[in-house]
Amino acid sequence: MLGYAWSLLSPLVRFVVILHIFGPYVSQSISNYAFYLFLGIIIWEHFSITTMSCMGMLHDKASIIQRMVFPRVFLILAVGWTNFVIFLTHLFIFFVAALIFGVSMNASVVYLILTALQMTLVALGVGMLLSSYSLKYRDVPHMWGVAIQILFWLTPVMYPYVLKGGSLTHAARALLGQESVTSIIALFIQIQPLSIIIHDARRAVLYDAISGSPTLEHALGMTLVCATIFLFGFVVFQRRQHYFPQEY
Amino acid sequence: MAQKPIIECTNISKVYHQHTIPTMRLQDELMFWRNRSKSVRIDALRPASLKINAGEWVGLHGPNGSGKTTFLKMVAGILKSDSGSIRINGSMSSFFELGIGFHPERQARENIRLNGLLSGMQHHEIEDLTKRVLEFADIGEHADLPMKCYSTGMRLRLGFAASAQMDADIYLFDEILAVGDADFQIKCIKYLEGLKAKKKTVILVSHDYPALMRTCGRILFFDKGLISGQRRKIRSSSTLSPELFETESV
């Protein structure tokens, strides 16, 4: 794990670059674009850093894994906890900035805690899935590095999230091969969990007047989806963990 | 009534199918897809069954790659057996020379604490443990320096002390007699005698055959992944003499 300073620098650089280059094009359609982007980037970074650290952890702790018997999932939970706390400090910076620039926020800021939890669950689920195989195949972290770049563009971090009605009909048509590649990608951007989590956080804090805060049912349903991803990763990890000591 | 064994291994084995082509990366796996069936079978441990009673001292002896450490790691629960079962009726502390598992940027105290936490100890137990470990390892003022400032020997000594001072029913030691200088080895032997007095169960891997004869009541011989034979001490004596051992089949 790198130090705290680096956890600040990476999102900050990304933020400044995107705001400067991309900002002029979208600031018309998105009000408060700087904060829209800021919130999106810190949530995205939380996901990307956590999944990467899960794999890094197993590599770094080779000597403990080869020598001691303990539930290996503790290492993953330690990654989750550390990055959760780091993410909370990033949220704190977000609030301070919002206060300074006088961006109006309401009581539903509490929702961001749920966002942090949901994102941590998803990131750990994916992280466990990846780290289960990252010792057997040493290029998994590298491939994930490429995949996560693609995923960044398939998540509305810097561009607006557009929700079209009839997602289910679209999904059914896509499965039948009746949709073009472009619309399948558009559909994916709409329904993938990262998009929804980031969108929920934004509408709870910044745009509740326009698009309305997430309902309780929605929040519960989304948490359930995240927990399922976590659980899936956990089951795979538990099955694979016996092989870790011999895969170094 | 027969004593209930503290360690009972039934038919445990370990086979590695090692591919002769590179497989460390998924990329290799895809590139060499046609040749993927070319692999070598390595019998790290052929099916073995063994019972060890409480208070028994067992030495494992054999050439490199004969399966001693594999066996010990399976008993420790670090490696998973391909077949059979292992039943352990007690708490265990193990020391493997390979990779001591300390964080180089942290002090000895913090590392011992981590060790204790991973073994599921409570806060007050850890404080007590730290005192005993530091005293045993005898690393002096180095205790408050990060581990990266230690010599290899010091690190090994601390590693051994950390697992030796752990309170357990069963102790597994891989090549401890090769750790540290002459003074420390004397300390180790004294410590082992202490364990014997406390009627602890010990499994010891060593290339030092005379030392095994001195300390163990039973010696298992490993060869090419097979427990090829065992010798049992028939008369308790402190003198070194091979005649005191009786060879028998496993």
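None of the figures in this text is laboratory data; all of them are computed from the coordinates on show. Just so it is clear, the model here is predicted, and its values are computed rather than measured. Cβ coordinates were reconstructed from backbone atoms using ideal geometry, including for glycine residues, and neighbour counts include every protein chain displayed.
Ranking B:N64, B:Y16, B:F95 by how far each Cα lies toward the positive end of the dipole of chain B (charges on Cβ) leaves B:Y16 at the top. Gaussian network model of chain A, Cα springs within a sub-10 Å range: biggest mean-square fluctuation belongs to which of A:S211, A:S180, A:S195? For chain A, modelled as a Gaussian network with Cα springs under 10 Å, the answer is A:S180.
If you run the Gaussian network model on chain A, springs between alpha carbon atoms under 10 Å, then out of A:F74, A:F232, A:F15 the most flexible one is A:F74. Partner lysines whose Cα lies under 20 Å from the Cα of B:K51, excluding those fewer than 8 positions away in the same chain, are identified as B:K4, B:K14, B:K68, B:K73, B:K80, B:K196, B:K199, B:K200, B:K233.
The length gained by stretching the chain between B:S83 and B:C149 to full extension, at 0.36 nm per residue less their Cα-Cα distance, is 19.4 nm. Of all beta bridges that DSSP places with both ends in chain B, some 60 percent have antiparallel geometry.
Along the axis of the charge dipole computed for the protein assembly as shown (Cβ charges of +1 for Lys and Arg, -1 for Asp and Glu, origin at the Cα centre), the listed residues A:L129, A:Q66, B:N53 are led at the positive end by B:N53. Measuring r between the beta carbons of A:V16 and A:V162 and using R0 = 35 Å, the FRET efficiency lands at 0.85. Only Cα pairs under 8 Å and 6+ residues apart enter the sum, and on that basis the relative contact order of chain B stands at 25 percent. Between the residues A:F244, A:G233, A:L206, the greatest Cα displacement towards the positive end of the dipole of the range A:197-248, with unit charges on the Cβ of Lys, Arg, Asp and Glu, is found for A:F244.
Only Lys, Arg, Asp and Glu carry charge here, each on its Cβ (+1 for the first two, -1 for the last two); on that basis the protein assembly as shown has a dipole of about 1160 debye about its Cα centre. Using a simple spin-label model with pseudo-atoms 7 Å out from Cα toward Cβ, A:E247 and A:L99 lie 4.5 nm apart. Per residue of peptide A:60-71, the mean number of Cβ atoms on other chains within 10 Å of the residue Cβ is 6.
Using only side-chain charges placed at the Cβ, +1 for Lys and Arg and -1 for Asp and Glu, the dipole size of chain B relative to its Cα centre rounds to 820 debye.
Overall, chain A carries a charge dipole of about 440 debye about its Cα centre when +1 sits on the Cβ of Lys and Arg and -1 on the Cβ of Asp and Glu, all other atoms neutral.
Suppose the chain between B:K51 and B:A178 were pulled fully straight at 0.36 nm per residue; how much longer would it get relative to their current alpha carbon spacing? Write down the numbers at each step before the final one.
Details: separation 127, 0.36 × 127 = 45.72 nm, distance 2.71 nm.
My answer for the length gained is 43.0 nm.
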